[in-house]
Amino acid sequence: MSALHEQGALDLWRLLHARDVSAVEVAQHFLERIERVDDAHAFVHVDAELALARARAVDDADDRTGLIHGLPFADKDLTQRAGQPATFASRWMAGNVADATDPVAQVLDDAGGVTLGRTAAPELGFAGYTRSALHGATTLPGHPGLHAGGSSGGAAAAVAQGLLPFAPGSDGGGSIRIPAATCGLVGLKPTRGRIPAQGGVGTIGGLVTAGAIARSVIDVALLTDALIGRVNGVAPHGLTLRAPERDDGSLLAAAVRGQGRYRIAVMTGGTPWDETDDIRISPEATAAVDATVAALTAFGHEVGEVALPDASGYPEAFTALWRGGAAAAPIARERRHLLEPLARWIVETSDGLTAGGLARAQLWATAFERRVLAAFAPWDAVLTPATALTPRPLDWYPEDGEADFRHQVLHTPHTSFVNVTGLPAIALPVHRTAEGLPMGVQLIGRPGEEATLLAIGRQLERRIPWTQRVVDAMRP
């Protein structure tokens, strides 16, 4: 049998379910590996005592039907868990300890998961890379001079190093898809409202949703099913607004089958940021799209093109929504000096955001959403690069907050509009550069049709051996 960390999450679940291995043994294996292997600085906090206590409870439980029974995961550092550090990667919150557990953490506990600790994030989750003054930089495993992406960079780096079989993350502008593509992994951002515990509903702009990162499409589907947290087959939505479900209650089943012939369009017409930024799509990103088109064509899918609808005004509207979220952070003015340049720029500029300005941004975003959904409706999925550029050097992002934001736009101009429109999207690591660096693509689906994205992803996965590449990189 392969080492436990080389097993996929579903394979580990089968071993646990058959009692060939215990949750305690699995937790001990991964805890030891974290201590020994984490050169990329994926973890910012490890709680072995809590993990082993939880693993013993899972082993002793009569009910072993949890979707992720006994499987290890880790909370992103933006998720609160009672008794754990709750710093949001910010010096502003240094020393803070959570007194309650967020629903997105609780739903994974309820599914039988075993948390090992906390994975790194940038300050307040504002960056598409993972670095903070509090915890330092999380790097691309095997490449200490390159960023791992963000803001779920710790989650991605943990999976890529074999420290976790999968990991939850959150995505408000690409924060699951960017690190997944950068680290050679699969990352799924679900439809707005699909994850009841954290689906974007009820927040300013509705941008941020929980999602999953893993080596394989199947394991991403397994963790996403756990995040949905169905009770008797029904997702426990606490609000009337909810995403449609088109998967018969199991994303995992759709991923395992990996069947179907689909209509897939390559997005043309530039990016939503073209009116303010000099967006350049690198040859490596183009090669990733071309490789995907070739594979899809070989599978017999219909491949065409679709133009991005009119996005005039997008940069202003998105930035206003981003600032609107920052305005809700209870950071006293006299403590803003503790913030790093990017977070300080976003928070301070949110002071000038008026109620009318925020309302206009939300109305613009709603109209844009309608245009995009109408344009994309004839297609089962729409294909773009996941990142426009290769993984970024550690010194690439400037110290000036606004300049930092602009550099993030140059790196990832295709991701944030998917959050604005609320559509599901999956990042797939389909390509490697001449230097061996991962390059991914993004597939965007119809509302509630994560199952279609997973099916297409599974087909590509059968042809492109990205899972084995990650396992091979773990070995000495």
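Each label point was placed 7 Å from the Cα along the Cα-to-Cβ direction; for residue 232 and residue 354 their separation is 5.1 nm.
Using per-residue counts of other Cβ atoms within 10 Å, averaged over each peptide, order 221-232, 116-127, 255-266, 82-93 from highest down.
Ranked from most to least packed, the peptides come out as 116-127, 221-232, 82-93, 255-266.
Simple rule: put +1 on each Lys or Arg Cβ and -1 on each Asp or Glu Cβ in the stretch 271-353, find the dipole, and look at 353, 331, 309; the Cα lying farthest toward the positive end is 331. Return the sequence-ordered ³J(HN,Hα) values of the stretch 177-182 in whole Hz as given by the Karplus equation 6.51 cos²θ - 1.76 cosθ + 1.60 applied to θ = phi - 60°, using x for Gly and Pro. Per-residue couplings from phi come out as 5, 5, x, 4, 5, 5 Hz.
In the set (i) 22, 51, 26, 1; (ii) 27, 61, 12, 0; (iii) 22, 44, 21, 10, 3, 0, which value of P(r) over Cα pairs in 20 Å bins from 0, in percent was calculated from the structure you see? So the structure-derived entry is (ii). Distances between placed amide hydrogens fall under 5 Å for residue 73 paired with 114, 115, 116, all partners being 5 or more residues away or on another chain.
Quote the charge dipole size of the chain about the Cα centre in Debye, to the nearest 20; the model charges only the Cβ of Lys and Arg (+1) and of Asp and Glu (-1).
Dipole of the chain, to the nearest 20 debye: 620 debye.
Computed over protein heavy atoms with a 1.4 Å probe, the accessible surface of the chain works out to 37 Å² per residue. One Cα centroid belongs to the stretch 221-250, the other to the stretch 114-163; the line between them spans 28 Å.
Listed by number, the DSSP H helices of the chain that run 27 Å or longer by alpha-carbon position along their axis and have mean Kyte hydropathy of at least 0.0 are 355-376. Which of 266, 72, 174 sits farthest toward the positive end of the charge dipole of the chain, with +1 on the Cβ of Lys and Arg and -1 on the Cβ of Asp and Glu? Highest projection toward the positive end goes to 266.
Note on the chain: helix-only mean residue ellipticity at 222 nm, from DSSP H runs of 4+ residues weighted -39500 (n - 2.57) and normalised by residue number, equals -11500 deg cm²/dmol. Computed over the stretch 339-416, the convex hull of the alpha-carbon atoms projects to a mean area of 7.0 nm².
List the trypsin sites (Lys or Arg not before Pro) within the stretch 1-43 that DSSP assigns to loop and that have no more than 10 neighbouring Cβ atoms inside 10 Å. Of the trypsin sites (Lys or Arg not before Pro), the ones in loops of the stretch 1-43 whose Cβ has at most 10 other Cβ atoms within 10 Å are 19.
Hey, any idea what % of the chain's accessible area is carbon plus sulfur with a 1.4 Å probe? Could the numbers behind the result be given before it?
Details: 9090 of 17420 Å².
Roughly 52 percent of what the probe reaches on the chain is carbon or sulfur.
Taking amide H atoms as placed 1.01 Å from N in the peptide plane, the amide H of residue 191 lies under 5 Å from those of 448, each 5 or more residues away in sequence or on another chain.
Placing unit charges on C-beta atoms (Lys and Arg positive, Asp and Glu negative, everything else neutral), compute the dipole magnitude of the stretch 279-347 about its Cα centre in debye, rounded to 20.
660
What Kirkwood radius, in Å to one decimal, follows from the Cα pairs of the stretch 208-356? Result for the stretch 208-356, one decimal place: 20.1 Å.
The values are calculated or read from the model by the stated rules, or taken from the named source; none is laboratory data. Everything quoted here is computed from the prediction, not taken from an experiment. Note: ideal-geometry Cβ built from the backbone for every residue, glycine included; neighbour counts use all protein chains shown. These accessible areas exclude ligands, DNA and RNA; they are computed on the full protein's heavy atoms, side chains included. Shrake-Rupley method; radii C 1.70, N 1.55, O 1.52, S 1.80 Å.
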